[in-house]
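K.L.:
Here it is, the structure in full.
The values are calculated or read from the model by the stated rules, or taken from the named source; none is laboratory data. Just so it is clear, the model here is predicted, and its values are computed rather than measured. As a convention, Cβ positions derive from the backbone with ideal geometry for all residues, glycine included, and neighbour counts pool all protein chains shown.
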Amino acid sequence: MKAVIVGAGIGGLSTALYLSKKGFEVTVLEKLDRPGGRARGFSSESGEFSFDMGPSWYLMPEVFQRFYKEVGEEPPEVVEVSPLFSLHVGKLEKKERSAEFWKDEIPLKNSERYLEDVEFMYKLAMERFLFKEMKIVDFLDPAILKNLKRFPIFTSLDAFNRRYFQNDDFSLKAMGFSSVFLGGSPFNTPAVYAMVNYAIYKGGVYYPKGGFQGLVERLYSLCKKSGVEFKFNSQVDKIEFDSKVKAVWYNGKKEEGDVFVFNADYHYVDSLLPYDYTGRGEDFWRKKKIAPSALLAYLGVEGEVNSPHHSIFINGDWKAHFDSIFQGTEPDPNNMSYYVSYRGFTDRSIKGKDLVFLIPIAPGLSIPQYQRYVDLVVKDFKAKTNSEFQIRYQRIYRPIDFELDYNAYKGTAFGISHTLDQTGPFRLPMQNRKLPNLFYVGQYTQPGIGVPMVTISSMIVGEKVLNFVRK
């Protein structure tokens, strides 16, 4: 039985390993020249600096333990990140309030009561919902209906947080920024996703050995050891089918198989099939709530960096920044939030100092002067952390680069947002209804966005493939 996996991101690699361990012959076709997708790494031309390109928060280690146990391998080696992160709230180049957050030491009033309540959400989701493909009927689960106040589906994250922190601006931002991990804002993300705060503040933040590129290389190595075949520089541009998929085409070549799992941009896969086989045309996609894109700056620096591994900077009116994202307009520099990753704080084996700046921006946005925004946030970062360094290397990654590298719809960095109508059973299907041997894995599907969720997605789709071939 042969499985063809299209895409070697975390979802594709995890699915390939899962199915190969279940006895499948597996071939992976990847558009780029290396594995990892958004989680891959790269080095500067001189080799002096190296960067993780995408994910940087390793959360929910129990998910990875479960996955690696399922495939009969040891989980990745990780170290705890401490402090968890720093949060700076103020105006551009003017610090008003900042704090470092440590595991089990949260400098916010009412945080313990809050985390006790979100612990209930987290554990219920882990036990009952996250590891299966949810159906609409699951919303009628007695565990939900009896606990709607403690498992709030119909309330926004911001409204839920205000029950505990009222109008304490700093606390609301400390408990609201996690919505960005879910491709949304605290104003449009359902309150049930407050469970992510439990994962951060109680579960802890970790760093995999070698960074996320090390995580990718280990997955890739385990796949190779298990007999998975990889073909890089191989973009699939045609799907051949009758009553089921027979083959995919890349570089004028044909790859046949029994089952096909796409870890590719969902809109791109739809574009390879007639409307009758998806039911999703351009009107459908225009109406979807697309998660933000990002302006990323990879900086190799020399000098003094006074920052922990993870730092979040919220300037001015952050609702105005979120509004610009979801209304498709340029961010106002005075109301612009951003995130900085400094791996060298945790990983002393890195020889060069690498900083990654991430500014969430609207998907599909074309900004002529990207450098202006990068210069602004670097200046702001230096002022608020008392850092002093010179930039020796710079690479800017724009929404168009997400499109070029990943065929990402509108250059989205995350897929579709976790709004209520795009949560659980309302996310995109994991199996094509008309082509039953065509499956989907990754951030567009269940359970959603983020490396832990995509890893769970690979387990769910792997089980769906097994059930399909058993019929």
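K.L.:
Cβ-Cβ under 9 Å, sequence separation 6+ or interchain: first residue in the range 159-185 and surrounded by 24 or more Cβ atoms within 10 Å (Cβ to Cβ), partner basic (K, R). Which pairs?
P.N.:
Here the result reads G183/K289; G184/K289; S185/K319, each pair linking the range 159-185 to a residue that is basic (K, R).
K.L.:
Let me ask something additional. Need a quick list: helices (runs of 4 or more DSSP H) entirely within the range 363-471 having at least 3 residues that are within 30 Å of G23 (Cβ to Cβ).
P.N.:
Because the criterion is at least 3 residues that are within 30 Å of G23 (Cβ to Cβ), the helices (runs of 4 or more DSSP H) in the range 363-471 that meet it are 451-470.
K.L.:
Any idea how many residues of the range 18-57 are of a type in the set (A, V, I, L, M, F, W, C), closer than 12 Å to V261 by Cβ and not in a strand (DSSP E or B)?
P.N.:
2
K.L.:
Quick one: would you say D347 is farther than 30 Å from K132 by Cβ and part of a loop (DSSP other than H, G, I, E, B)?
P.N.:
So D347 passes the test.
K.L.:
Let me ask something else. Can you confirm whether D265 is more than 16 Å from A3 (Cβ to Cβ) and either more than 23 Å from the chain's Cα centre (by Cα) or modelled with pLDDT under 95 (or both)?
P.N.:
no
K.L.:
Could you please let me know if E112 is farther than 21 Å from H309 by Cα and more than 23 Å from the chain's Cα centre (by Cα)?
P.N.:
Yes; evaluated as a whole, the condition is true for this residue.
K.L.:
Let me ask something else. Going by the structure shown, is A199 in a loop (DSSP other than H, G, I, E, B), buried (at least 20 other Cβ atoms within 10 Å of the Cβ) and among the hydrophobic types (A, V, I, L, M, F, W, C)?
P.N.:
So A199 fails the test.
K.L.:
Return the pair list, or none, for Cβ contacts closer than 7 Å from residues in the range 28-43 that are farther than 20 Å from K225 by Cβ to residues that are in a strand (DSSP E or B), at least 6 apart or on different chains.
P.N.:
From residues that are farther than 20 Å from K225 by Cβ, the pairs are G37/G9; R38/G9; G41/S50; G41/F51; G41/D52; F42/F51; S43/S50.
K.L.:
Next question. Taking the range 243-271 only, how many residues are part of a loop (DSSP other than H, G, I, E, B) and buried (at least 17 other Cβ atoms within 10 Å of the Cβ)?
P.N.:
The total comes to 5.
K.L.:
Further, regarding this structure: For the range 360-386, what are the residues that are polar (S, T, N, Q) and crowded, with 18+ Cβ neighbours inside 10 Å?
P.N.:
Scanning the range 360-386 gives a single hit, T385.
K.L.:
Any chance you could count how many residues in the range 407-434 are in contact with a Ser or Thr (Cβ under 9 Å, 6 or more places away or on another chain) and among the aromatic types (F, W, Y)?
P.N.:
2
K.L.:
Looking at K464, K410, K471, K434, can you tell me which residue is modelled with pLDDT under 95 and either within 28 Å of F232 (Cβ to Cβ) or surrounded by fewer than 17 Cβ atoms within 10 Å (Cβ to Cβ) (or both)?
P.N.:
K471
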